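A.B. asks: I'd like to ask you about the structure that follows.
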Amino acid sequence: MHTATEYARLGAPGSLADTDTPIAREAAAALMAVGRSRIPMPKPDAPRVMVVANQKGGVGKTTTAVNLAAALAVSGLRVLVIDLDPQGNASTALGIDHHAEIPSIYDVMIEEAPMGTVVQKVEGFETLWCVPATIDLAGSEIELVSLVAREARLRNAIEAHVKAEPYPYDYVLIDCPPSLGLLTVNALVGGDEVLIPIQCEYYALEGLSQLLKNIDLVRAHLNQDLAVSTILLTMYDARTRLAAQVAEEVRKYFGDTVLKTTVPRSVRISEAPSYGQTVMTYDPASSGALSYLEAAREIAERGAGSARRGIEEQA
């Protein structure tokens, strides 16, 4: 916990530094959050297409995708979120309507509609957009089986929309379903980097080996440029020894691929989607918002090239 004096050194007005009380700390934290969000993050030379994947449910995958996207956007970067989960949770968190009749990623992948026809602007952000997912996507795994180039449907759509000149986005974040089916394979084929959220609990690494095997298979046969660039520790509870042990093990195994920033357990992060918001707008001074802001800054500062070490170096 920072003191008010420490917050003041980070840019809070001097009057808050004089009173080290809970109210002063909260006020200083809010000012720090606003100040940090206004510091520009470096723009990549080309769009970074990042796949947020982990087939284990409940690890903060969708939460990470939407909050990192919002954190990048509030810093002035142009961000597109592609919701590839039939549950549409990313669309919900961004306040995007996604009932069955809404044009969605299903139309792009199955009907080959141009991605530009389904992109929606996210309210409250100048530089954040979303491709929503509807319940129609639930049957797409079966429909994709018989289609030509079934693993590359998303990649073709992304290349036509995102990677065309001039580049319309700095970042594209693809939120995957909690499975290793054709939707996730499409995301891995269409992306350049993989971001894996790992929950700081006992079963954190369970099933991760299968995800890494699938990534290796996709790299070998369908997308040789794919790399696991980022691992983010989520739901970190500093009060427990278990969380520290899991974090230590993950850092020991994956090295510099793991971000220095960890995302704590936060009621504010959990509450935000029920209001159709990310935590960045719901409570920008909360520990969750500050953590995602710092994680986004780490990702932006690392850059695509320098972030490709991690797992590949350990192979």
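The values are calculated or read from the model by the stated rules, or taken from the named source; none is laboratory data. Bear in mind that the values here come from a model prediction, so they are computed numbers and not experimental data. No Cβ is skipped: glycine too gets one built from the backbone with ideal geometry, and neighbour counts run over all protein chains shown.
A.B. asks: Condition check: of a type in the set (Val, Ile, Thr), part of a strand (DSSP E or B) and touching a residue at least 40 places away in the same chain (Cβ under 8 Å). Does ILE158 satisfy that?
C.D. replies: No; evaluated as a whole, the condition is false for this residue.
A.B. asks: Among the residues of region 128-155, which ones are part of a helix (DSSP H, G or I) and among the hydrophobic types (A, V, I, L, M, F, W, C)?
C.D. replies: ILE135, LEU137, ALA138, ILE142, LEU144, VAL145, ALA152, LEU154, listed by residue number.
A.B. asks: Kindly indicate the residue of region 109-123 that is assigned to a loop (DSSP other than H, G, I, E, B) and among the β-branched types (Val, Ile, Thr) and also farthest from LEU80 (Cα to Cα) among those meeting that condition.
C.D. replies: In this case the residue turns out to be ILE110.
A.B. asks: Failed condition for ALA69, given (1) among the aliphatic types (A, V, I, L, M); (2) crowded, with 24+ Cβ neighbours inside 10 Å; (3) within 30 Å of GLU294 (Cβ to Cβ); (4) touching a helix residue (DSSP H, G or I) at 6+ places or on another chain (Cβ under 8 Å), with all others met?
C.D. replies: All conditions are met except number (4).
A.B. asks: Hey, another quick one. Quick one: which residue in VAL258, VAL218 is modelled with pLDDT of 90 or more and either surrounded by fewer than 18 Cβ atoms within 10 Å (Cβ to Cβ) or closer than 25 Å to GLY181 by Cβ (or both)?
C.D. replies: Answer to the selection: VAL218.
A.B. asks: For region 78-108, give me each residue that is assigned to a strand (DSSP E or B) and not charged (D, E, K, R).
C.D. replies: VAL79, LEU80, VAL81, ILE82 - these are the residues of region 78-108 that are assigned to a strand (DSSP E or B) and not charged (D, E, K, R).
A.B. asks: Restricting attention to region 124-152, which residues are of a type in the set (D, E, K, R) and over 20 Å from GLN87 (Cβ atoms)?
C.D. replies: Those that are of a type in the set (D, E, K, R) and over 20 Å from GLN87 (Cβ atoms): GLU126, ARG150, GLU151.
A.B. asks: Does LEU211 qualify as being at negative phi, surrounded by fewer than 21 Cβ atoms within 10 Å (Cβ to Cβ), touching an Asp or Glu at 6+ places or on another chain (Cβ under 8 Å) and in the same structural domain as ALA247 (by TED's automatic domain parsing)?
C.D. replies: So LEU211 fails the test.
A.B. asks: Can you spot a residue in region 155-175 that is under 20 Å from ALA220 (Cα atoms), over 21 Å from the mean Cα position of the chain (by Cα) and buried (at least 19 other Cβ atoms within 10 Å of the Cβ)?
C.D. replies: no
A.B. asks: Can I ask one more? So, in region 174-227, how many residues would count as being farther than 23 Å from GLU141 by Cα and aliphatic (A, V, I, L, M)?
C.D. replies: 4
A.B. asks: Looking at this structure, is GLU271 at pLDDT 90 or above, surrounded by fewer than 16 Cβ atoms within 10 Å (Cβ to Cβ) and assigned by TED's automatic domain parsing to the domain that holds VAL172?
C.D. replies: Judged against the criteria, GLU271 is a match.
A.B. asks: Out of the residues in region 284-296 meeting the condition of being surrounded by fewer than 20 Cβ atoms within 10 Å (Cβ to Cβ) and not hydroxyl-bearing (Ser, Thr, Tyr), tell me which one is modelled with the lowest pLDDT.
C.D. replies: Here the residue is ALA285.
A.B. asks: Further question on the same structure: What's the total number of residues in region 72-84 that are touching a residue at least 60 places away in the same chain (Cβ under 8 Å), of a type outside the set (A, V, I, L, M) and either out of contact with any helix residue (DSSP H, G or I) (no Cβ under 8 Å at 6 or more places or on another chain) or surrounded by fewer than 24 Cβ atoms within 10 Å (Cβ to Cβ) (or both)?
C.D. replies: 2
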